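A.B. asks: Below is one structure. I have some questions about it.
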Amino acid sequence: MRITAFLLAVLVVLAPRAMGQALPDLGSSGDVTLSPQLERRIGESIMREIRFREPGYVDDPEITDYLATLGARLTQSSAGVRYEFEFFAIRDHTINAFALPGGFIGVHTGLITAAEAESELASVLGHEIGHVTQRHIARMLGQQQQMQLPVLAALAAAILLGRSRPDLASGAAAAASAGAVQTQLSFSRDYEREADRIGFQSLEAAGFDVHAMGTFFEKMQRGMRLADDGSLPGYLRTHPITTERIADAQNRAARLPYKQHPDSQEFQLVRSKLRAEQGDARDAVQYFQSAVRERRYASESAARYGLTVAYLRAKRAKEAEAELARVRAAGGSGPMIETLA
């Protein structure tokens with residue numbers, strides 16, 4: 001029921017602002033009649049509720065700073081980008097990312113830990129950036145005629161935040177708009193293809209491995225085939241991975257020379273930190289102890305960093321201090337490690 005309560009909160013916050021306003025004329029379904037300023041207002045209103053009411057909001061400056069840095073590389077390499085983007089994380093195990101009106105992009109922690117390479121994570125962010133720069137959200141909301149600002153905000157929240165529970169999102173959006181919203185719970189196929197194309201261009205311009213998009217799509221499709229019940233990740237429900245999209249991504253990559261992109265240390269450290277903060281502290285310790293012992297890692301210093309965080313969670317301070325020394329011996333350095341120290 002968290003999504004329903006969230007929507008009610010959005011309505012309460014925005015209702016006074018819309019009282020006395022004339023109903024906006026949203027034009028035909030093909031028009032983009034929401035101004036960028038109105039998009040930003042809707043996004044800011046939703047973000048205020050996320051920050052103060054969403055228990056999964058990750059208020060961690062290290063993780064937020066990493067996402068901002070990664071997002072900035074992609075947006076700075078995108079031609080014609082005029083949005084002021086803000087990237088944030090939601091603590092949720094599902095493989096999901098979403099764009100809010102006005103340039104706010106959320107990433108589930110499950111997506112970060114599932115990405116095996118930084119270019120895979122960048123490919124998803126690039127896709128969401130494409131939705132924003134092409135104004136897909138405004139065009140989608142513009143199909144709903146004669147709606148006030150609070151209803152627009154509630155519908156946006158239902159469509160864009162309810163992805164891990166589409167059953168609740170559909171009911172909440174129907175209550176908010178009294179319209180036929182089931183078809184709007186997903187971006188159209190044309191929007192998805194366009195976001196893929198824009199995301200691929202951003203990935204290439206920023207120097208990431210463009211093959212990562214097709215690779216990640218294949219992983220998602222395999223997950224879709226394995227999930228035959230209601231546990232299908234939200235990213236797959238609202239971003240259907242088709243053979244056509246995989247082929248398009250692979251064909252684009254095949255026309256370009258291979259460019260290896262080494263993962264940044266921050267990417268590895270953030271993944272380890274999130275993994276160490278999941279579940280029971282003892283289980284986290286065992287996971288990283290096993291990874292270090294069996295050398296199942298892409299970065300030894302990041303794996304030992306994760307073990308240090310897990311030891312601290314388990315209140316094993318002396319072992320954490322000893323492990324931190326091994327992190328540094330393995331070549332780990334930088335602000336995240338110094339802050340942990």
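A.B. asks: By the scheme Lys and Arg +1, Asp and Glu -1, what is the net charge of all other residues having a beta-carbon under 15 Å from that of ARG328?
C.D. replies: -2
A.B. asks: Something else now. Could you pull the Rg and Dmax for segment 257-341, using just the Cα atoms, both in Å?
C.D. replies: Over segment 257-341's Cα set, Rg and Dmax evaluate to 12.8, 49 Å.
A.B. asks: Which aspartates and glutamates have a Cα less than 12 Å from the Cα of LYS259, not counting those fewer than 8 places away in the same chain?
C.D. replies: By straight Cα distance, LYS259 reaches GLU204, ASP209.
A.B. asks: Right, next: What aspartates and glutamates does LYS315 reach when the alpha-carbon gap must be under 16 Å and sequence neighbours fewer than 8 apart in one chain are set aside?
C.D. replies: GLU277, ASP280, ASP283, GLU323
A.B. asks: Per-residue counts of other Cβ atoms within 10 Å, averaged by peptide: what ranking do you get for 200-209, 65-74, highest first?
C.D. replies: For the peptides 200-209, 65-74, the packing ranking is 200-209, 65-74.
A.B. asks: At 0.36 nm per residue, and after removing the present C-alpha to C-alpha distance, how many nm does the segment from SER188 to GLN286 gain when stretched out fully?
C.D. replies: In short, 30.9 nm is gained.
No value in this document is a laboratory result; all are computed from the given coordinates. Predicted, not measured: the structure shown is a model, and the values here were computed from it. Here Cβ is always computed from backbone atoms with ideal geometry, including for glycine, and neighbour counts include all displayed protein chains.
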